[in-house]
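Notes follow the structure.
Every number in this text was worked out from the coordinates using simple rules, so none of it is lab data. Since this is a predicted model, take the numbers as computed values, not measurements. A quick note on method: Cβ atoms are made from the backbone with ideal geometry, for glycine too, and the neighbour counts reach across all protein chains shown.
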């Protein structure tokens, strides 16, 4: 073997193992070489922005000051003037996250709701050094999506992909601002699809990836190897406090549906089928004669005068797909319906008494999930929704300064009783609240553990 041949062979081995170590293929499905992600990233990186938020909060007053006995010991001297409440000491805090420009011409940015939640000011920094104050166009707390607008020219954008075309094993790239370090790129694969039941958001149908996602990556881009946006990075599982290769992103199709409603109306209104559901257990699979490991969601009840009743859905039906997309859990079904608008039609594939069937079902109005001061002043700032099995109301969000938050109520708590009355839906909840005006006794279930709390 000549010296030249030896050199060529050595270079081949080096390139091969370098590519293998990186974990990426030498070519895509079309045979195009992919020696580096750099060309794609040069197009995408300028569209991923850093987000800084600021908020001002009044310093909390010691509750003892409301007690006349203690108040006299802390009163100012007679010659001192009491500072007006509006001039109470205030503090300013800052948090950091990421966002993605999805419409350069209009200056539209997609990010997570939790990144900008409770902020008075949102600042967006671009990779070219420019900085802008952003306008919050609207938010979708249940999906954890927020849409921002900046008045800027010469912006880059990320093309929207189709998250329904993803497969486990597809290579992905995560781009964001971890720990406030500045723009950072990590790589990985799609580890799983349709992850639900994590208790992170109201509507869960996550893309799971092993691409490194850390605090500050929230709201950033998860892109395919061709530079299309396929997800918005939102959360990680980190039992040790650091990344362990289990991160989650909101599928871009869900985020896009939310964005379109926000830009059109300023809010998101989701519909519902009007059914109660239950996940399929091995025992239920056998009882309902589901063959060959068939996945689906069991209908346990159909609401009167609902779209589901009109379409002919019955208790005992097993929904297996929505518009041809398989459904394997209640959380996934909820998310598939949640991206539809009121008045839309969906095709449900279901099994009834062992026979396959398809029905066209309309999407009806969803019962309001907001509890405001008009329902009861002590519950202002709480957002709830009926649980999947209609056995109570789930707390999905609450304001940090609300009475409920002060007494220890948390998102994820299931309210099963109010003022010693069992509650299963909004009607029973509202009726139970009428039994007391000065206080509310809540019976809740937290991670399967029952407990009582009192709100005064």
(message) Taking the beta-carbon count within 10 Å as an exposure proxy, list 314, 340, 291 from fewest neighbours to most.
(response) 291, 314, 340
(message) When a/c reaches 1.5 or more, the comparison of a/b and b/c decides; with that in mind, is region 226-301 rounded, prolate or oblate per its Cα gyration tensor?
(response) oblate
(request) Report, in cubic angstrom per residue, the convex hull volume of the C-alpha atoms of region 271-365. (result) 80
(request) Could you rank the peptides 349-357, 297-305, 132-140, 268-276 by their average count of other C-beta atoms within 10 Å per residue, with the highest value first? (result) 268-276, 132-140, 297-305, 349-357
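Name the shape class, rounded, prolate or oblate, that the alpha-carbon gyration tensor gives for region 123-221, where a ≥ b ≥ c are the square roots of its eigenvalues, rounded holds for a/c under 1.5, and otherwise prolate holds if a/b is larger than b/c and oblate otherwise.
Judged from the Cα gyration tensor, region 123-221 comes out prolate (a/c at least 1.5, a/b above b/c).
Between residue 151 and residue 287, what length comes free when the chain is fully extended (0.36 nm per residue of separation minus the Cα-Cα distance, one decimal in nm)?
43.1 nm
Quote the FRET efficiency, to the nearest 0.05, computed for residue 431 versus residue 358 with a Förster distance R0 of 41 Å and r equal to the Cβ-Cβ distance. Please list the in-between numbers first.
Working: r = 39 Å, r/R0 = 0.95.
For R0 = 41 Å, the calculated efficiency reads 0.60.
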(request) Put one equal scatterer on each alpha carbon of region 376-455, apply the Debye formula with no solvent term, and list log10 I(q)/I(0) at q = 0.23, 0.24, 0.26 1/Å to two decimals. (result) -1.13, -1.25, -1.49
(request) Pull out the extension gain between residue 137 and residue 159, defined as 0.36 nm times the separation in residues minus the alpha carbon to alpha carbon distance; nm, one decimal. (result) 5.9 nm
(message) Taking the Cα centroid of region 138-196 and of region 103-135, what is the distance between the two, rounded to the nearest whole Å?
(response) 14
(request) Compute the convex hull volume of the Cα atoms of region 159-265, divide it by the residue count, and report the result per residue in Å³ as a whole number. (result) 104
(request) Would you kindly state how much longer the chain becomes between residue 345 and residue 314 on full extension, computed as 0.36 nm times their sequence separation minus their alpha carbon distance, in nm to one decimal? (result) 9.4 nm
(message) Can you give me the distance in nm between label points at residue 179 and residue 391, each placed 7 Å from the Cα along the Cα-to-Cβ direction?
(response) 4.2
